[in-house]
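Engineer: One structure, pasted below without further comment.
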Amino acid sequence: MTSEWQRGGGDTVVRDDWPEEPTPVLREWLPDNEDPARPTMVVATVDETGAPDGRTQLLTAWDASGFYLHSDDRARKVTQLAHEPRISLTMHLGADAHQITVQGVADPADAEELEWAFAHRSPYLQQLAWQNTVEFARLPRLDRVKAWEDFQADHPDGFTAPPTWTGHLVRPTRITFWVGSTVTASRRVEYTRSVPLGPLADSSWTVTQLAG
Ligand SMILES: Cc1cc2nc3c(=O)[nH]c(=O)nc-3n(C[C@H](O)[C@H](O)[C@H](O)COP(=O)(O)O)c2cc1C
């Protein structure tokens, strides 16, 4: 791919030579999976009544298969995904006026990936994975602080993943890149494919330019 990134005015970078598949753009727009500063995203699922349900989560990582997110298996979203695996992700990538939206299907992540993901969580988030329970949340504040400190003191060597640690791989059928601008109209470039199968870097994508 020839790269023709240009300063589009103000703080915005634009390109005209969009590749035939989305991975070169994902590689440019998203931090490396080893970067501890993870992007946040709004994760939308569908509840048992058919109503949309959204919340913020970290994008743990992405690879040739799709996008990974992690949670507790008692979370509402996990129950919802077991019944309705269709999902959307919305990432606003800050000052560069970039947004990535993803529509796809969520599959449970495999054991090896779960282990990798937990090892890449910060010590705070690893401890949270153990103590993020309804019982804990309902304690008075001072008791919560003390229980947190006590748990930390009991685990001087750090944490392994709790049995409730879980995650999903989102296999996309649609990835849309939104590019903002201060000197011209924003616009989107959308990659679509009919089935969420196969690696991202293949030739099954249709690329469409859309208004912002
Ligand atoms: C910045 C931010 C990042 C978050 N990251 C995660 C995450 O990676 N995984 C997670 O389960 N919850 C995360 N949360 C909490 C969720 O927004 C949500 O409250 C929780 O997962 C329960 O959601 P549910 O009951 O709809 O499943 C995050 C919240 C914020 C504000």
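The values are calculated or read from the model by the stated rules, or taken from the named source; none is laboratory data. None of these values were measured; they are calculated from a predicted model. We place every Cβ from the backbone using ideal geometry, glycine too, and count neighbours over all the protein chains shown. Keep in mind that these areas ignore ligands, DNA and RNA; they rest on the heavy atoms of the full protein, side chains included. Shrake-Rupley method; radii C 1.70, N 1.55, O 1.52, S 1.80 Å.
Engineer: Based on what the data block shows, is residue 170 of a type in the set (A, V, I, L, M, F, W, C), within 27 Å of the chain's Cα centre (by Cα) and over 28 Å from residue 114 (Cα atoms)? I'd like the intermediate steps shown before the answer.
Structural biologist: On the way: of a type in the set (A, V, I, L, M, F, W, C): yes; within 27 Å of the chain's Cα centre (by Cα): yes; over 28 Å from residue 114 (Cα atoms): no.
Against the criterion (of a type in the set (A, V, I, L, M, F, W, C), within 27 Å of the chain's Cα centre (by Cα) and over 28 Å from residue 114 (Cα atoms)), residue 170 does not qualify.
Engineer: I'm told residue 43 meets every condition in (1) assigned to a strand (DSSP E or B); (2) open to solvent by 20 Å² or more (accessible area, probe 1.4 Å) except one. Can you identify the failing condition by its number?
Structural biologist: That leaves (2) as the condition not met.
Engineer: Six or more apart or on different chains, Cβ under 8 Å: which pairs go from a residue in the stretch 36-52 that's modelled with pLDDT of 95 or more and near the ligand (Cβ under 9 Å from one of its atoms) to one that's hydroxyl-bearing (Ser, Thr, Tyr) and assigned to a loop (DSSP other than H, G, I, E, B)? Could you list them?
Structural biologist: Close Cβ pairs (under 8 Å, with a partner that is hydroxyl-bearing (Ser, Thr, Tyr) and assigned to a loop (DSSP other than H, G, I, E, B)) amount to 38/60.
Engineer: Filter the stretch 55-66 down to the residues that are within 8 Å of the ligand (Cβ to nearest atom) and in a strand (DSSP E or B) and list them by number.
Structural biologist: The answer is 55, 56, 57, 58.
Engineer: Checking residue 25 against (1) β-branched (Val, Ile, Thr); (2) over 15 Å from the mean Cα position of the chain (by Cα); (3) open to solvent by 50 Å² or more (accessible area, probe 1.4 Å), only one condition comes out false. Which one?
Structural biologist: Unmet condition: (3).
Engineer: Still on this structure: Of all residues in the stretch 108-134 being outside any loop (DSSP other than H, G, I, E, B) and acidic (Asp, Glu), which is nearest to residue 43 (Cα to Cα)?
Structural biologist: Once the filter is applied, the top-ranked residue is 113.
Engineer: Take the conditions closer than 18 Å to residue 110 by Cβ and either open to solvent by less than 60 Å² (accessible area, probe 1.4 Å) or more than 9 Å from the ligand (Cβ to nearest atom) (or both) and apply them to residue 30. Does it pass? Break it down stepwise before answering.
Structural biologist: Numbers: closer than 18 Å to residue 110 by Cβ: no; either open to solvent by less than 60 Å² (accessible area, probe 1.4 Å) or more than 9 Å from the ligand (Cβ to nearest atom) (or both): yes.
No: the conditions fail for residue 30.
Here's the yes/no breakdown for (1) farther than 19 Å from residue 41 by Cβ; (2) assigned to a helix (DSSP H, G or I); (3) of a type in the set (Ser, Thr, Tyr):
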residue: 71; (1), (2), (3): no, no, yes
residue: 80; (1), (2), (3): no, yes, no
residue: 88; (1), (2), (3): no, no, yes
residue: 101; (1), (2), (3): no, no, yes
residue: 106; (1), (2), (3): no, no, no
residue: 143; (1), (2), (3): yes, yes, no
residue: 152; (1), (2), (3): yes, yes, no
residue: 162; (1), (2), (3): yes, no, no
residue: 173; (1), (2), (3): no, no, yes
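Engineer: Filter the stretch 190-203 down to the residues that are over 12 Å from residue 21 (Cβ atoms) and of a type in the set (A, V, I, L, M) and list them by number.
Structural biologist: Here is the first cut: in the stretch 190-203, the ones over 12 Å from residue 21 (Cβ atoms) are 190, 194-197.
Listed by number, the residues that qualify are 195, 197.
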